[in-house]
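The values are calculated or read from the model by the stated rules, or taken from the named source; none is laboratory data. This is a predicted model, so every value here is computed, not measured. Every residue, glycine among them, receives a Cβ derived from its backbone with ideal geometry; neighbour counts consider all protein chains shown. Ligands, DNA and RNA are excluded from the accessible area calculation, which covers all protein heavy atoms including side chains. Shrake-Rupley method; radii C 1.70, N 1.55, O 1.52, S 1.80 Å.
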Amino acid sequence: SHDSTPPMPWFGMDIGGTLTKLVYFEPTDLSEAEEESEVETIKNIRRYLKSNSAYGDTGHRDAHLQMEKVRVGNRTGTLHFIRFPTSEMPQFLELSKSKGMATLASTICATGGGAYKFEEEFQREMNLTLHKFDELDCLIRGIEYIEDNNNYNECYYFLNPRNEETCEKVTYDFSNPYPFLVVNIGSGVSILAAYGPESYRRVSGTSLGGGTFLGLSCLLTGCKTFEEAIELAAKGNNENVDKLDTHLGSWPQNEISEIYWNFGHMNSAEKRAKVSREDLACATLITITNNIGSIARMVAANQKIEKVLFVGNFLRVNPISMKLLSHAMEFWSGGQLKAIFLEHEGYFGAVGCMLELMR
Ligand code: ADP
């Protein structure tokens, strides 16, 4: 019997500053009787969610991340991963309404700052009550769940991150996870330390994150989207922007050392006249990434934690940053620190939030 579980449909929603992440559980173990008695609306929603890999112009189902035959509560089914810009929330509400979501009169589990911001609108427009959950609780629970349920295919790291020919993506065995650090790179950055399943806390963060990268890239290059900014960056050379300078320091012993001075060349009118959009996007990406890497390294040293998980949608389609972070972690710690990445990047908060339904 399925009595102990809440009524379908099961969703989890993470309404972030930039992107809204939606996770939907589709049961595949329906008995014939269940199938017959299922409300038409639920069938419609399922058909709709599955039929499209694009929702309007801006919504997107990440079909490549879909997880089959997973257990949620006491059911077996498929997990679907959907995202859209948070700025499109009114259109999303309109669409959901037209698909009959409002008539189900249920509750939706939501997390992220937007869960507060849009609470009233959900109530008014769709008669839906948002059950709100703590972002960091959801994030950690989501990571643990996906790691346990993705047949050891979730975590990976980069071997030889600096060498294009020999660089390799390798699966990482995360079956013995604690303690670990989570660096969540969304619009901003949060850093959590996890010591055990119920023991974790936010230890640091920075407001210079993915939102800063995208905002500065748009300003400096006139690009319009994250994907475009990343494509530009891949073609650019940051050495036309960043300045490698010498520095006579008191450490170790009045030695000359080399330091990078991000955007240093842009102090010169001559260099500014020659710089390309690609170079600027590249330098912006590297500046933001290295800053996050430095902070992550300091926090890891402080907490005496060696495994550093990087998540968040800033890492979407962004191998440049992943490889930079991999190198920075390893190199500056003398090989002690390991940068670990996860296939479901930005969806952990939404997954953890959906799991709250089962508690
Ligand atoms: P948040 O919860 O703050 O919205 P996310 O983890 O969803 O955070 O990450 C948002 C960041 O991901 C953006 O600031 C941007 O750098 C990057 N990003 C990746 N893909 C997109 C996209 N399609 N649209 C906008 N930003 C994107």
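Taking every C-alpha pair closer than 8 Å and separated by at least 6 residues, the mean separation divided by the residue count of the chain gives a relative contact order of 20 percent.
For the range 148-215, the list of trypsin sites (Lys or Arg not before Pro) that fall in a loop by DSSP and count at most 16 other C-beta atoms within 10 angstrom reads ARG162. The angle separating the long axis of helix 40-51 from the principal Cα axis of greatest extent in the chain is about 30 degrees. Residues in the range 137-149 carry Karplus couplings, in order, of 4, 4, 4, 5, 5, x, 4, 4, 5, 5, 4, 6, 10 Hz; the curve used is 6.51 cos²θ - 1.76 cosθ + 1.60 with θ = phi - 60°, and Gly or Pro positions show x.
In this structure, the amide hydrogen of HIS131, modeled 1.01 Å from its nitrogen in the peptide plane, lies closer than 5 angstrom to those of ILE108, CYS109, ALA110, counting only residues at least 5 positions away or on a different chain.
Using the 1.4 Å probe convention, the accessible area of the chain works out to 49 Å² per residue with neighbouring protein chains retained. Peptide packing: for 74-85, 32-43, the average count of neighbouring Cβ atoms within 10 Å per residue gives the ranking 74-85, 32-43, highest mean first. Coupling constants for the range 24-34 follow from the phi torsions by the Karplus curve (6.51 cos²θ - 1.76 cosθ + 1.60, θ = phi - 60°), and in residue order they are 10, 9, 9, x, 10, 10, 5, 6, 4, 4, 5 Hz; glycine and proline get x. Distance from the alpha carbon centroid of the range 109-127 to that of the range 134-197 works out to 29 angstrom. Taking the C-alpha atoms only, the angle from helix 277-303 to the longest principal axis of the chain is near 80 degrees.
For the range 282-312 versus the range 66-96, the inter-centroid distance based on Cα atoms is 30 Å.
Largest first, the three principal axis extents of the alpha carbons in the chain are 78, 44, 37 Å in whole numbers. Annotation note: trypsin sites (Lys or Arg not before Pro) in the range 237-328 located in DSSP loop regions with a Cβ neighbour count of at most 14 within 10 Å are LYS304. For the range 257-262, backbone phi angles converted through the Karplus equation (6.51, -1.76, 1.60; θ = phi - 60°) give residue-by-residue couplings of 10, 9, 10, 8, 10, 4 Hz, Gly and Pro being listed as x. Taking 21 Å as the limit for the C-alpha separation, the pairs LYS169/LYS304; LYS21/LYS117; LYS169/LYS323; LYS69/LYS323 exceed it in the case of LYS169/LYS304; LYS69/LYS323. Only aspartates and glutamates eight or more places from LYS307 in sequence, or on another chain, were considered; those with a Cα closer than 20 Å are ASP137, GLU144, GLU147, ASP148, GLU154, GLU168, ASP173, GLU198, GLU330, GLU343, GLU345.
To the nearest 10, the accessible area of SER87 is 90 Å² with a 1.4 Å probe. With respect to the chain, whose longest principal axis is taken over its alpha-carbon atoms, helix 210-221 is tilted by about 60°. Straight-line reach from LYS274: taking Cα to Cα under 22 Å and skipping same-chain neighbours fewer than 8 places apart, the lysines in range are LYS235, LYS243.
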